[in-house]
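To keep things clear, I will list the structure first and then write my remarks on it.
Nothing in this text is a laboratory measurement; each read-out follows from the coordinates by a stated rule. These numbers were taken from a predicted model, which means no experiment stands behind them. Cβ: placed from backbone, ideal geometry, glycine included. Neighbour counts: every protein chain shown.
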Amino acid sequence: MSQRQIIQVFEQYQKARMQFVQTIADLATRPQNIEILQNAGVMSMLRPLMLDVVPSIQQTAALALGRLAEHSDDLAEAVVKEDILPQLVNSLASQNRFYKKAAAFVLRAVAKHSPELSQAVVACGGVDALVLCLEEFDPGVKEAAAWALGYIARHNAPLSQSIVDAGAVPLLVLCLREPEMALKRIAASTLSDISKHTPELAQTVVDTGAIAHLAQMILNPDAKLKRQVFSALSQISKHSVSLAEMVIEAEIFPAAVACLRDPDEYVRKNVTTLMREVVKHTPELSKVIVNCGGMAAVIDYLGDCHGNLRLPGIMMLGYVAAHSENLAMAVILSKGVPQLALCLSEEPEHHIKAATAWSIGQIGHHTPEHAKAVATANLLPKLLQLYMDASSSEDLQLKSKKALKSILQKCTYLPALEPLLYDAPSNILKHVACQFSKVLPHDSKARRLFVTSGGLKKVQEIEAEPGSPLQEYINAINSCFPEEIVRYYSPGYSEVLLERLETYQPA
Amino acid sequence: MAEQLKIKSEAEEFQKEYFLRNSQAEENRQRENQAAIRIQSWFRACKVRAYLSHLHKKAIIIQKIWRGFTARARFRQMVKIQRRWRGFFLRKYIHNFYARKSYLEELSRKNELVRRELDELEELQRRERNCLEMIKEQTAKVYQAHRLHHLLSTKQCPGVFNSPFRPAPHETELLLRQVKYHAPTRLAPRGKACLLGMPDSAASFPSSLGSPWIKTTGTFCFSKPILPPIVSKKQQGLFREPGEVWEQRVHCPDLTLHLQTSYTHLEEAQNQLRQHKGTGSMFHHPSHSSNSFTQPA
């Protein structure tokens, strides 16, 4: 055999391997093929190909492996069990950039399924290797490495801590400043995942000066980047007052309100989440946001969107109103109450309804003015209905009861209280009767209205144990009216009169 | 007698006793007087002291009650002052009604302003986007018109878009008439060999790593900027028109006797021409000679 023929044998084998690996990589893009591939034992075939001499076969094998691991949990576990990870991590340090991208892709695909798999990636030194990749020149490699780190950090705090300990955060902040859009997005998303777990991690991220860079990217035209930036800022500011103040000092606020009209709905949702996380700490921070017109923008946003997207906006209104009665009045003046009423009636999900009921309670419980504003929007019967409805979840019932009680204790607007006399259970009725007994002694027009609208009749029909607070309130109400009227409206009065008629002897 | 003696002695004893007792009493009188005076004065002192202390106690009670009364009156005065001060201070600075009212009015104005501005901003952005979309559509149509240029209708034969049954030509037909034809350029294939270093959307990264990228391993090509086609009709260099040279080759230069040339001028001229053709023509007329022979007459 001549030399050429021998070399030809090798070339044929190489071509065959190349074709195999490329076909597997193509097949792995379809989910329906994965099962078949798994049953055919593709993992054990790919593993030696990853150590192949030819670089392009190595890269394609790594790519195929990554695609397989991405699709399902078991394959990712198989990757870990077959000890492929250590050799990937070792070769990450030495190979060219295409291999690094493919290897980072495999690590990401493994780490995304569960915390245990991420722990396995960390345990074989994956984090240090990925951090080394972050120092490369090629933006594609940086992006793949940052993405893998983001998926690892997503699961829980110790994993994020291991990433921070490996010194990834300054490198990620440098990645934020690169011109490539995809790299910026991924870096912002990874910073968001790291800082969401504990205040210390968020503080570490802030100490590297991330806030200033994130703040510069707020008005970028790219929607996905804005999503990640706002998500990162809200995860940082949710932990404590000082972090929220630092985010506010970066002067995001009047500009971020403009993003509330962005066409992308998740950008809007993330801006509202950021506002909520800032507002919940102190009244001063709430004032900053209210003063720059954020409240009006959020209320308009609530009108435009549906479903779960509304939740951060509703909670933001509740937090603002909870701080003081000034701010609650500001919410009312910005037309917040009709919008909340709409949300309450439109949304089918119970957790959103519960949040709305809580917000309404926070708005209405300060003074009679606030309670009147809530009552005129016809919210009291709705809250009562939510409380009484057997199909409401426990949380919803509890929140609507609390809201109703707190509003009722300040409500002096009698036309809104009257419908509640009819359907309410006794623990709510007690508060309603209490309010009537406070208002009626002083207002004669109200007394007249009370009689003519049938309220007095209803009060007489209420049965209460003598000595209970409800009975005392009923007595107090009865004492506001002359005895004949009270007797006239008491139940069974017509029978009493008829009895008197029977026993009457005309003189 | 004895009784008399006894009585006398008793009388004498009695006198003596009487004298003794008197003298003793006289002696003690002073002392006892003094003692009595002392006791009496002490008693009187006690009485006076008791009276004084009684008076003191009563005086203290009266003073106590009086002082309490004045202090309470002062206290009430002070409370009045403090009450008024606190009310003033709170109403002016902390729960300032007018400040709150103006703040809320200011807030509603600001809300209106912000809502209006946001509406305008949204309108502006929407118009920009619509504009961009329309431009994109238009360029796509123009590109299609360039590709379909061959469907332009001629005088003899109406094109596909200019059916005789239509009242007026289709817009594509009009576009075709406006578009100027140029030779089709090969566009760089989009999703294929170019996205290694510049993934433009993160999600497309794994999909762009398909088998195509392996073929271009080693060539790190960005998407090439498409240069305009070369439209110069003039040929570079010292070329003459093709027809001229052909004529020259075919038709000899006219020979006249007016020329003052040597006898062997023709051979020399031909030799010179052969030498130039051998050496210089490589540099000056590389394709020109082949062109001149391949041009049809």
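A:Leu176: surrounded by 21 or more Cβ atoms within 10 Å (Cβ to Cβ) and touching a His at 6+ places or on another chain (Cβ under 8 Å), yes or no? Walk me through it before giving the result.
Working: surrounded by 21 or more Cβ atoms within 10 Å (Cβ to Cβ): yes; touching a His at 6+ places or on another chain (Cβ under 8 Å): yes.
For A:Leu176, the condition - surrounded by 21 or more Cβ atoms within 10 Å (Cβ to Cβ) and touching a His at 6+ places or on another chain (Cβ under 8 Å) - is met.
Could you list all residues from the range A:46-76 that are within 14 Å of chain B (Cβ to nearest Cβ) and more than 36 Å from the chain's Cα centre (by Cα)?
A:Leu49, A:Asp52, A:Val54, A:Pro55, A:Ser56, A:Ile57, A:Gln58, A:Gln59, A:Thr60, A:Ala61, A:Ala62
A:Lys399 versus (1) assigned to a loop (DSSP other than H, G, I, E, B); (2) crowded, with 21+ Cβ neighbours inside 10 Å; (3) basic (Lys, Arg): which is the lone unmet condition?
For A:Lys399, the exception is condition (1).
Among the residues of the range A:380-396, is any in a loop (DSSP other than H, G, I, E, B) and aromatic (Phe, Trp, Tyr)?
No: zero hits.
If only one of A:Lys438, A:Lys457 is touching a residue at least 12 places away in the same chain (Cβ under 8 Å), over 45 Å from the mean Cα position of the chain (by Cα) and surrounded by fewer than 18 Cβ atoms within 10 Å (Cβ to Cβ), which one is it? Before you say what the answer is, go through the steps one by one.
Working: A:Lys438 fails: over 45 Å from the mean Cα position of the chain (by Cα).
Going through A:Lys438, A:Lys457 in turn, just one is touching a residue at least 12 places away in the same chain (Cβ under 8 Å), over 45 Å from the mean Cα position of the chain (by Cα) and surrounded by fewer than 18 Cβ atoms within 10 Å (Cβ to Cβ): A:Lys457.
Suppose we filter the range A:273-299 for residues that are under 19 Å from the mean Cα position of the chain (by Cα) and either surrounded by fewer than 23 Cβ atoms within 10 Å (Cβ to Cβ) or away from chain B (no Cβ under 13 Å) (or both); how many remain?
Within the range A:273-299, residues that are under 19 Å from the mean Cα position of the chain (by Cα) and either surrounded by fewer than 23 Cβ atoms within 10 Å (Cβ to Cβ) or away from chain B (no Cβ under 13 Å) (or both) number 10.
Taking A:Arg185, is it under 21 Å from A:Leu214 (Cα atoms), without any contact (Cβ under 8 Å) to a residue 60 or more places away in the chain, among the charged types (D, E, K, R) and away from every other protein chain (no Cβ under 14 Å)?
No: the conditions fail for A:Arg185.
Filter the range A:206-232 down to the residues that are more than 12 Å from chain B (Cβ to nearest Cβ) and without any contact (Cβ under 8 Å) to a residue 40 or more places away in the chain and list them by number.
Answer for the range A:206-232, where residues must be more than 12 Å from chain B (Cβ to nearest Cβ) and without any contact (Cβ under 8 Å) to a residue 40 or more places away in the chain: A:Asp207, A:Thr208, A:Gly209, A:Ile211, A:Ala212, A:Leu214, A:Ala215, A:Gln216, A:Asn220.
Give just the number: which of (1) farther than 24 Å from B:Asp119 by Cα; (2) among the small types (Gly, Ala, Ser); (3) surrounded by fewer than 23 Cβ atoms within 10 Å (Cβ to Cβ) does A:Ala215 not satisfy?
(1)
In the range B:160-182, which residues are part of a loop (DSSP other than H, G, I, E, B) and closer than 26 Å to B:Val231 by Cβ? Step through it out loud before you land on a result.
Kept after step one, since they are part of a loop (DSSP other than H, G, I, E, B), are these residues of the range B:160-182: B:163-170, B:179-182.
The answer is B:Val179, B:Lys180, B:Tyr181, B:His182.
For residues that are assigned to a loop (DSSP other than H, G, I, E, B) and of a type in the set (Gly, Ala, Ser), scanning just the range A:481-507, find the one that is farthest from the chain's Cα centre (by Cα).
Among those that are assigned to a loop (DSSP other than H, G, I, E, B) and of a type in the set (Gly, Ala, Ser), it is A:Ala507.
Which number in (1) more than 14 Å from chain B (Cβ to nearest Cβ); (2) touching a residue at least 40 places away in the same chain (Cβ under 8 Å); (3) among the aliphatic types (A, V, I, L, M) marks the one condition that A:Leu130 misses?
Unmet for A:Leu130, out of (1) more than 14 Å from chain B (Cβ to nearest Cβ); (2) touching a residue at least 40 places away in the same chain (Cβ under 8 Å); (3) among the aliphatic types (A, V, I, L, M): (2).
So in the range A:139-170, with the set limited to residues that are among the aliphatic types (A, V, I, L, M) and within 13 Å of chain B (Cβ to nearest Cβ), which one is farthest from A:Val127 (Cα to Cα)?
Taking the range A:139-170 first, the residues among the aliphatic types (A, V, I, L, M) are A:141, A:144-146, A:148-149, A:152-153, A:157, A:159, A:163-164, A:166, A:168-169.
Subset that is within 13 Å of chain B (Cβ to nearest Cβ): A:141, A:144-146, A:148.
Values: A:Val141: 14, A:Ala144: 13, A:Ala145: 9, A:Ala146: 10, A:Ala148: 9 Å.
Going through the qualifying residues, I end up with A:Val141.
Only one of A:Gln95, A:Gln87 is within 14 Å of chain B (Cβ to nearest Cβ) and at negative phi. Can you tell me which?
Being within 14 Å of chain B (Cβ to nearest Cβ) and at negative phi holds for just one of A:Gln95, A:Gln87, which is A:Gln95.
Pull out all pairs, ordered by first then second residue, where Cβ-Cβ is under 9 Å, the residues are six or more apart or on different chains, the first lies in the range A:36-64 and is closer than 13 Å to A:Ala78 by Cβ, and the second is acidic (Asp, Glu) and not in a helix (DSSP H, G or I).
Short answer, once both residue conditions are applied: A:Met43/A:Glu82; A:Ser44/A:Glu82; A:Arg47/A:Glu82; A:Arg47/A:Asp83.
If you take the residues in the range A:98-127 that are of a type in the set (Ser, Thr, Tyr) and in a helix (DSSP H, G or I), which one is nearest to the other protein chains (Cβ to nearest Cβ)?
Here the answer is A:Tyr99.
Is there any pair linking a residue in the range A:321-339 that is at the interface with chain B (Cβ under 9 Å from one of its Cβ atoms) to one that is among the small types (Gly, Ala, Ser), with Cβ under 7 Å and at least six apart or on different chains, and which?
A:Leu333/B:Ser108; A:Ser334/A:Ala296
Out of all the residues in the range A:249-272, which are within 21 Å of B:Leu107 (Cβ to Cβ) and surrounded by fewer than 16 Cβ atoms within 10 Å (Cβ to Cβ)?
Within the range A:249-272, A:Glu251, A:Pro254, A:Ala255 qualify.
List pairs: first residue in the range A:160-181 and more than 15 Å from A:Ala144 (Cβ to Cβ), second residue acidic (Asp, Glu) anywhere in the structure, Cβ distance under 8 angstrom, at least six positions apart or on different chains.
Listed pairs, sorted by first residue: A:Ser160/A:Asp193; A:Ala166/A:Asp128; A:Met181/A:Asp222; A:Met181/B:Asp200.
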